[in-house]
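What follows is a set of notes on a single structure, which appears directly below.
Every read-out reported here was derived from the displayed coordinates using simple, explicitly stated rules and does not represent laboratory data. All values derive from a computational prediction rather than experimental measurement. A quick note on method: Cβ atoms are made from the backbone with ideal geometry, for glycine too, and the neighbour counts reach across all protein chains shown.
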Amino acid sequence: MTTELLAQSIAAIATLVAALITAAISFVNLTLTKELKTSEFRQAWIDGLREDLAGFFGAARAFARAVEATHVLGADYKEKGILLLSDEKVSNLRYQAAETFSKIKLRLNPDETEHIELLRLLKRAIDEQNAMLGNKSDAASTLAAIDAANEYARPVLKKEWRRVKEGELPFRIARNWLAPAIFLISVALIVFIWIGKFRI
């Protein structure tokens, strides 16, 4: 009778632990699936931000150079045939810079220090560009501001990419703690059942 009761107890414990392990595995799978999707969205966000930054820097530089050429050559630059950009093209560059700046602003997180600083540097480039238009000065200050924003953007993108590579916090917890814990519990259960049967 004692042996039968012990066998039933072991079976009940094994069933309970197996159910807990199954639930834990389901939770880990759910967490991993969700975090994989989050990482995919974050990677798409990084790619979009990189594309918008490249568009902004390219348009802002080209616009600054075109305006500088106009200031240097004067109103008759078209007749001299030196500046190849039409007024419409220059206007499109300015619009493209403004549009991509707005997209970047919407992508950046107003709570992260690096994003706030990047936005400030981009705004400074725009301010320098507007000052150049008003003062009819050369593009040196504007180009320097654009380069400063460009250099600062690189580590910001790298940091975000590293976050994708490492995974979100719940993913790291599931990978580093829950999965090994499930494995150890499973091994302990197998050893417990084997020892229990051996004693019976």
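Viscosity 0.692 mPa s, temperature 37 °C: Stokes-Einstein D of the range 94-140 from its Kirkwood Cα radius, in µm² per second?
Calculated translational D: 282 µm²/s.
Could you please report the charge total around ILE126, scoring K, R as +1 and D, E as -1 over all other residues with beta-carbon less than 13 angstrom from its beta-carbon?
+3
Which net charge results when you count Lys and Arg as +1 and Asp and Glu as -1 among the other residues whose beta-carbon is under 14 Å from that of ALA144?
Spelling it out: positives minus negatives among the neighbours equals -3.
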